[in-house]
Ligand code: NAD
C-alpha cells in the first residue's frame with residue numbers, strides 16, 4: 001500500500017523538514033501521505049510508477065505538495081492486462097455481493113470524509129465545504145449503487161411466437177476507463193466507479209495530471225476494501241499521467257467503455273478515437289450555462305442563486321453560470337443587488353471555513369481570465385464589476401482573480417464571448433423583453449449542459465421545460481445552474497457530449513445488453529411468419 005502506516009506525529013515532523021507549510025503538512029499527515037520521497041501514482045494491485053515525475057502544485061500558495069511517479073507505457077499495458085484478469089473473476093460474483101463491497105467502500109470514504117475533502121481543497125483549490133461535498137457525493141453514489149446492485153434488472157418481452165420468451169439481459173461489460181477533469185477530482189470518479197463496480201466491471205482511472213494526490217488517496221481507500229475482501233486490486237486500477245497515458249487508454253481495444261470528462265476540445269478527439277475502434281464512450285464535456293430571470297421572479301432567491309452559480313468554485317464548475325439573461329423590468333435592480341454580493345466576497349485560503357472564494361486551479365487559468373477580459377474590453381463591453389487583479393490576496397503566489405460581471409454590446413450568440421466556455425468567473429449579461437427571446441439565446445450556443453429559469457409563473461415553467469424550451473440536459477426552475485444531486489442522471493446535450501452519468505438510467509451504459517430468445521416449445525416457428533421449409 002502506498003500510504004505507510006506510521007505515527008502521524010513522525011510524519012508531521014518530517015514534513016516540516018521538507019519545508020512544507022503547516023497548512024499543507026496537516027492535511028497530508030491526516031491521510032498518512034508520505035512526503036520525503038516520490039509517491040507512486042500507479043496502482044494495479046501494487047503501487048508503482050516508472051513514467052515521468054510530475055509535481056502536484058497548491059493553487060493557493062504555489063507550494064509543491066508532492067512529486068508523483070506517473071505511468072509509463074509499460075505500466076499502462078500491465079494495468080490493463082491485470083484489469084482484464086480481475087474483471088474475469090469479478091463478473092461472476094453476484095451483483096448484491098458486489099454491492100456489499102460498495103457498502104464497505106462507502107464506509108471507508110465516510111471515515112475519511114473531512115480529511116479527503118481538505119485534500120481536494122488543498123490540491124484543487126475549491127473551498128472546504130465544496131471539497132467535503134465532493135466526497136459526500138461519492139458516498140451518496142455508493143449508497144445508490146448498493147441499492148442498484150439488487151435492482152440492475154433486465155426484462156421479459158412478449159414474444160409473438162408461441163412457447164417463446166424473450167429476455168433482455170444485462171451482463172458485466174468488461175474494462176471501463178475513467179478519464180477525469182481537474183475540477184471534480186473525486187465525484188466524477190465516484191459516479192463512474194460506483195456504477196461500474198455494481199455492474200461487475202474492472203475500472204482504470206486516469207485523473208487530471210494536476211490532481212494526482214487526490215486520486216492516489218481515493219484509490220488507496222478503495223483498494224484497502226478490496227484487499228480486505230481478497231479481491232484483486234486491479235479492479236480499481238489507477239494510472240496517473242498526462243495526455244499520452246489518456247491516449248493509450250482511449251485507443252486500447254482492452255477498454256470496452258471510455259468515460260471521459262473534460263473539455264470539448266479533448267472530448268472531440270477522444271470521441272472520434274473511441275468510435276473509430278467501435279468502442280463505447282460517455283462524454284461529459286464543457287458547459288456554457290445560462291440563467292434567465294423573469295420579471296415575476298423572487299429576487300431574494302434569484303440573486304444569491306446566480307451569485308453562487310457564477311462565483312462558486314471560482315467559476316470552475318462545468319455547470320457554472322456564464323450567461324445571465326435579465327428581463328428589462330428587473331435588470332437594474334437585479335444587477336445592483338448582485339454587485340453588492342460581488343463586492344462583499346473576499347478571496348482567501350479555501351481551507352479556512354469562512355472563505356467563499358478560493359484561487360483558480362492553475363496560472364494558465366489566470367491568464368485565460370485576463371485575456372478574456374482584454375477581449376471584452378476590445379469589443380467595448382461594459383465591465384460592471386471586477387475585470388482586474390486583486391491588489392491584495394492572501395497569498396502572493398496564489399491564482400486569485402476577481403470575479404467579473406460584463407455586459408457585451410452585442411447579443412449575437414455566435415460571438416466567441418457568448419459561444420465559448422471560459423473556465424473562470426466571468427458572467428456575461430444581456431437584457432431581454434420576451435421569454436422566447438431569452439430561450440432562443442439559451443439554445444443558440446454549441447453547448448447544452450445546464451440552464452435555469454427564475455419565475456413564479458406556471459406558464460413560463462411549462463414553456464421552459466417543454467418542446468420549445470431549454471435544450472440543455474439540466475433544466476432547472478428557481479434553482480441555479482450548478483449543484484446537481486446524484487439521483488437524476490447528470491449530463492449535457494449537443495457539444496457537451498450527450499453523456500449521462502450518476503443516477504437515473506445511467507447504469508445501463510455500464511453493462512452489455514443481450515436480447516435472448518428462448519424457445520421452450522416443440523416447434524421452431526420463424527418470426528414475422530416467415531416460411532423457410534422444404535416441405
Ligand atoms: P481537459 O480536457 O484538459 O482534460 C481532461 C482529461 O483529459 C485529463 O485527464 C487530461 O489529462 C486528459 N487528456 C488530455 N488530452 C487527452 C487526449 N488527447 N486523449 C485522452 N485524454 C486526454 O479538461 P480539464 O481542464 O481538466 O477540465 C475542465 C473541463 O472539463 C471544462 O471544459 C469543464 O466544463 C469540463 N467538465 C465537464 C463536466 C461534465 O460533467 N460535463 C464535469 C467536469 C468538468
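The values are calculated or read from the model by the stated rules, or taken from the named source; none is laboratory data. These numbers were taken from a predicted model, which means no experiment stands behind them. Because the Cβ atoms are built from the backbone with ideal geometry, glycine has one as well, and the counts that use them run over all protein chains shown.
The residue that is farthest from residue 151 (Cα to Cα), counting only those in the stretch 501-527 that are part of a strand (DSSP E or B) and touching a helix residue (DSSP H, G or I) at 6+ places or on another chain (Cβ under 6 Å), is 501.
The residue of the stretch 301-337 that is farthest from the chain's Cα centre (by Cα), among those that are over 22 Å from residue 357 (Cβ atoms) and free of Cβ contacts under 8 Å to residues at least 60 places away in the same chain, is 329. Of all the numbered requirements in (1) closer than 26 Å to residue 477 by Cα; (2) outside the structural domain of residue 436 (by TED's automatic domain parsing), residue 302 misses one, and that requirement is (2). Evaluating residue 453 against the criteria (1) assigned to a loop (DSSP other than H, G, I, E, B); (2) touching a strand residue (DSSP E or B) at 6+ places or on another chain (Cβ under 7 Å) leaves one unmet condition, (1). Being assigned to a strand (DSSP E or B) and more than 16 Å from the ligand (Cβ to nearest atom) holds for only one residue in 132, 156, and it is 156.
Could you say whether any residue in the stretch 149-160 is surrounded by 20 or more Cβ atoms within 10 Å (Cβ to Cβ), touching a strand residue (DSSP E or B) at 6+ places or on another chain (Cβ under 9 Å) and closer than 24 Å to residue 234 by Cα?
Yes.
Is at least one residue of the stretch 248-270 closer than 18 Å to residue 40 by Cβ and either out of contact with any helix residue (DSSP H, G or I) (no Cβ under 9 Å at 6 or more places or on another chain) or buried (at least 16 other Cβ atoms within 10 Å of the Cβ) (or both)? Checked the stretch 248-270: no residue is closer than 18 Å to residue 40 by Cβ and either out of contact with any helix residue (DSSP H, G or I) (no Cβ under 9 Å at 6 or more places or on another chain) or buried (at least 16 other Cβ atoms within 10 Å of the Cβ) (or both). Given the criteria more than 20 Å from the chain's Cα centre (by Cα) and on the phi < 0 side of the Ramachandran plot, does residue 232 qualify? Taking the combined requirement at face value, the residue satisfies it. Residues of the stretch 93-116 that are in contact (Cβ under 8 Å) with a residue 12 or more places away in the chain and not in a helix (DSSP H, G or I): 93, 112.
Being buried (at least 22 other Cβ atoms within 10 Å of the Cβ), within 30 Å of residue 59 (Cα to Cα) and touching a helix residue (DSSP H, G or I) at 6+ places or on another chain (Cβ under 8 Å), is that true of even one residue in the stretch 165-177? Within the stretch 165-177, one or more residues are buried (at least 22 other Cβ atoms within 10 Å of the Cβ), within 30 Å of residue 59 (Cα to Cα) and touching a helix residue (DSSP H, G or I) at 6+ places or on another chain (Cβ under 8 Å). Only a single item in (1) in contact with a strand residue (DSSP E or B) (Cβ under 9 Å, 6 or more places away or on another chain); (2) surrounded by fewer than 23 Cβ atoms within 10 Å (Cβ to Cβ) is not met by residue 305, and it is number (2). For residue 493, state whether it is modelled with pLDDT of 95 or more, touching a strand residue (DSSP E or B) at 6+ places or on another chain (Cβ under 8 Å) and away from the ligand (no atom under 13 Å from the Cβ). No: the conditions fail for residue 493. The single condition among (1) in a helix (DSSP H, G or I); (2) within 17 Å of the chain's Cα centre (by Cα); (3) surrounded by fewer than 24 Cβ atoms within 10 Å (Cβ to Cβ) that residue 210 does not meet is (1). Can residue 245 be described as within 16 Å of the ligand (Cβ to nearest atom) and in contact with a strand residue (DSSP E or B) (Cβ under 6 Å, 6 or more places away or on another chain)? When the stated conditions are applied, residue 245 passes them.
If you check residue 435 against the conditions, is it within 30 Å of residue 373 (Cα to Cα), buried (at least 19 other Cβ atoms within 10 Å of the Cβ), more than 16 Å from the ligand (Cβ to nearest atom) and within 26 Å of the chain's Cα centre (by Cα)? Spelling it out, it is not the case that residue 435 is within 30 Å of residue 373 (Cα to Cα), buried (at least 19 other Cβ atoms within 10 Å of the Cβ), more than 16 Å from the ligand (Cβ to nearest atom) and within 26 Å of the chain's Cα centre (by Cα).
State whether the residues of the stretch 451-474 include one that is without any contact (Cβ under 8 Å) to a residue 24 or more places away in the chain, more than 16 Å from the ligand (Cβ to nearest atom) and surrounded by 12 or more Cβ atoms within 10 Å (Cβ to Cβ).
Yes: the stretch 451-474 contains one or more residues that are without any contact (Cβ under 8 Å) to a residue 24 or more places away in the chain, more than 16 Å from the ligand (Cβ to nearest atom) and surrounded by 12 or more Cβ atoms within 10 Å (Cβ to Cβ).
Do we have any residue at all in the stretch 497-517 that's modelled with pLDDT under 95 and either more than 16 Å from the ligand (Cβ to nearest atom) or crowded, with 17+ Cβ neighbours inside 10 Å (or both)?
Within the stretch 497-517 (the criterion being modelled with pLDDT under 95 and either more than 16 Å from the ligand (Cβ to nearest atom) or crowded, with 17+ Cβ neighbours inside 10 Å (or both)), the answer is no, since none of the residues qualifies.
Picking from residues in the stretch 248-279 that are in contact (Cβ under 8 Å) with a residue 40 or more places away in the chain and farther than 24 Å from residue 494 by Cα, the one that is farthest from the ligand (Cβ to nearest atom) is 254.
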